[in-house]
Amino acid sequence: MPSNAISRLGEATGTNRFLYAKLIVPLVAAMPAWMAYGLALAYANIRVRSDRASFEEVVACLDFVFGPRMTPGARNETARDYFRNRACMRVDAIRLTGDGRRLIQSTTIRGEEHVRQALKDGKGALLCSAHYGSVRVGAALLGARGFPVTLVAIWSLPKDRDKDSGRGSMYQYAWKPIEHHFRRANIMAASSMAVAVEVAGVLRQNELVFTLVDNPPLYSRRAVVQDFLGGKAALTSGPTTMAKLAGAPLLMVFVRRTGKWGHLELEIHPPISLAGSDMVAARECVRQVEEAVRSDPSQWELWRIRTLVSLGLYPEDRAREYFRRVGRRWGRMFEPYP
Amino acid sequence: MSGVQEGPSMEQQIREYINQEFVAGQEIPQIKDDTELIESGILDSLSILRLVLFVEERYSLKIAPGDVIRENFETVKAICGYVRKRKTQ
């Protein structure tokens, strides 16, 4: 039986979920860090060798954005690190189970005083980040540190999208071990017309809302074209507008993996000025994200051609041509939420 | 003549706010009390937040996120119906 079919059968019967929760999570959580991250790196290395199509796709994205400024050797190394980072993210999440002490001990936190000050001022804070580093784990880690954090996320994809991406279910249960660190259930991004009202409601309770600014427009109808990574990308300006309307400070947060694979650095920046137009603040958010991506491209999660097409960075005809050339099915692009 | 001057109705106030904040400058006609606000794209998640903050301040109400549903916000008439219902509760 092909491995894909086994995986689907496991998915359909709930065996994958059961094995992950009852076997993988406790086993990895009990391992010393060097062993857990070592296994993640070994898994990533195997994936790089066995899933050449995905690896080549990441390389193609890097080539498109950085061109000759990144040598072929550096592109391959960055793409390899991309898969290593993603594998390590799963370990981060597992090490944050329980009270999260294991991961907190191996994380350097900077700028926590900005969050404390925001809560002291009584209007909560909108924490903004990108699909960069171990971002979801970083948000949960703030919860484990005792901060009242709620995440705006899309952890539960509609059924028809599960079939399309083939990762819907895994996507949900891989983050299960960290869910209890959040104060409230996720605010499901773009799932209803009340998302912004829900965010404002949480901020009014003097709590923290954690969101991402580099979501492709399918998750946000309020996308504006901005300079990003040498091109024009459609990115959301929603967080800046929400912070302004709610009177809450907007803090950028980055959760980087440092040289050692098992070590994270969570950095909270001082509040972004919301005095001018929403667009000025939105541009500053995007500038900070771009700076982070350029400083270590392997930590950005969105190096996939279809995602870059969704963002408007990668021309669709060129992307379709790439898929044709490598013999992959293009499928349908996601439609924006109604 | 009674000499009593009535202020603008709730419908007028909300309609004017929406026209001024979300319609002005766009290539869409001014809204009426029964114009579909969500279906037509005049209101999205963020503009609904702005509208909620306006209604809360103007009519001294606290609107729970659970009340922000299509039924209560699809037209000016629906918004006014919701506000009146809340005021009498």
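Read-outs: derived from the displayed coordinates by stated rules, not from any lab. For clarity, every value in this text was computed on a predicted model and none was experimentally measured. As a convention, Cβ positions derive from the backbone with ideal geometry for all residues, glycine included, and neighbour counts pool all protein chains shown.
Considering all projection directions equally, how large on average is the shadow of the alpha-carbon convex hull of region A:271-334, in square nanometres? Write down the numbers at each step before the final one.
Details: hull surface 24.4 nm².
Over all viewing directions, region A:271-334 projects a mean Cα-hull area of 6.1 nm².
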Can you list the HN-Hα couplings for region A:21-28, worked out from phi with the Karplus curve (6.51, -1.76, 1.60; θ = phi - 60°), rounded to whole Hz and with x for Gly and Pro?
-> 6, 9, 10, 5, 4, x, 5, 5
Expressed as a whole number, the average count of other chain Cβ atoms within 10 Å around the Cβ atoms of A:197-203 is 6
Could you check the simple spin-label distance between residue B:26 and residue A:205, using points 7 Å along Cα→Cβ, in nm with one decimal?
-> 3.1 nm
Reachable lysines from residue A:176, criterion Cα separation under 22 angstrom, eight or more residues apart if same chain | A:22, A:159, A:163
Hey, in the GNM for chain A with a 10 angstrom Cα cutoff, which one of A:100, A:230, A:38 fluctuates hardest?
-> A:230
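May I ask for the Kirkwood hydrodynamic radius of region B:21-66, worked out over all distinct Cα pairs and given in angstroms to one decimal?
After inverting the mean inverse Cα-Cα distance, the result is 11.8 Å.
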Modelled label-to-label distance, residue B:88 and residue A:35, 7 Å Cα→beta-carbon offset: nm?
-> 6.9 nm
Rg from C-alpha atoms of region A:219-338, normalised by the globular rule of thumb 2.2 N^0.38 Å, equals 1.24
Which whole-number percent is the relative contact order of chain B (Cα, under 8 Å, 6+ apart)?
-> 31 percent
Out of residues 5 or more away from residue A:228 or on other chains, whose amide H comes under 5 Å of its own, with H placed 1.01 Å from N in the peptide plane?
-> A:233
The residues A:9, B:49, A:39, A:203, sorted from fewest to most surrounding Cβ atoms within 10 Å, come out as A:9, A:39, A:203, B:49
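Gain in length, residue A:120 to residue A:15, computed as 0.36 nm per residue apart minus the alpha-carbon separation, to one decimal in nm? Intermediate values should be presented prior to the final figure.
Numbers: separation 105, 0.36 × 105 = 37.80 nm, distance 4.62 nm.
Stretched out fully, the residue A:120 to residue A:15 stretch lengthens by 33.2 nm.
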Amide H of residue A:212: which non-local residues (sequence gap of 5 or more, or other chain) have their own amide H closer than 5 Å, using H built in the peptide plane?
-> A:129
Please build a GNM for chain A, connecting alpha carbons under 10 Å apart, and tell me which residue among A:287, A:328, A:84 fluctuates the most.
-> A:328
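For region B:34-89, how big is Rg over Rh, using alpha carbon atoms and the Kirkwood form of Rh? Before the final figure, lay out each step's value.
Numbers: Rg = 10.6 Å, Rh = 11.4 Å.
Rg divided by Rh gives 0.93.
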Mean Kyte hydropathy of 0.5 or more with a Cα span along the axis of at least 15 Å, helices from DSSP in chain B | B:45-58
List, in the order given, every pair from B:62/B:85; A:244/B:32; A:244/B:62; A:123/B:62; A:120/A:244; A:123/B:32 whose Cα-Cα distance in the structure shown is over 24 Å.
-> A:244/B:32; A:123/B:32
Note: B:61-69 gets an average of partner chain Cβ contacts (10 Å, Cβ to Cβ) equal to 4
Per-residue ³J(HN,Hα) for region A:196-211, Karplus 6.51 cos²θ - 1.76 cosθ + 1.60, θ = phi - 60°, Hz, x for Gly and Pro | 5, 5, 4, 4, 4, x, 5, 4, 4, 7, 6, 10, 10, 10, 10, 9
Give, in whole angstrom and from largest to smallest, the semi-axes √(5λ) of the equivalent ellipsoid of region A:26-98, with λ running over the eigenvalues of the Cα gyration tensor.
-> 29, 11, 9
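Rank the residues B:69, B:14, B:31 as a footprinting-exposure proxy: fewest other Cβ atoms within 10 Å of their Cβ go first.
Numbers: B:69 14, B:14 24, B:31 20.
Least crowded to most crowded, the residues run B:69, B:31, B:14.
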Bridge type composition, region A:31-325 - antiparallel percent by DSSP, nearest 5 = 45 percent
Between residue A:109 and residues 5 or more places away or on another chain, the pairs with built amide H atoms under 5 Å apart involve A:266
The protein assembly as shown - Rg over Rh from alpha carbon coordinates, Kirkwood radius | 1.00
Note, region A:90-107: 3J(HN,Hα) by Karplus (6.51, -1.76, 1.60, θ = phi - 60°), whole Hz, Gly/Pro = x, goes 4, 5, 3, 4, 5, 6, 9, 5, x, 7, x, 4, 4, 6, 4, 5, 9, 10
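What is region A:1-144 by shape, rounded, prolate or oblate, if you read a ≥ b ≥ c off the alpha carbon gyration tensor as root eigenvalues and call it rounded for a/c under 1.5, prolate for a/b larger than b/c, and oblate otherwise?
Details: a/c = 2.04, a/b = 1.21, b/c = 1.68.
Oblate is the answer for region A:1-144, as a/c is 1.5 or above yet b/c matches or exceeds a/b.
Residues with beta-carbon under 13 Å from that of residue B:72, excluding residue B:72: net charge, scoring Lys, Arg +1 and Asp, Glu -1? If you can, show how the numbers build up before the last one.
Working: positive: B:70, B:77, B:84, B:85, B:86; negative: B:67, B:71, B:74.
With Lys, Arg at +1 and Asp, Glu at -1, the neighbours total +2.
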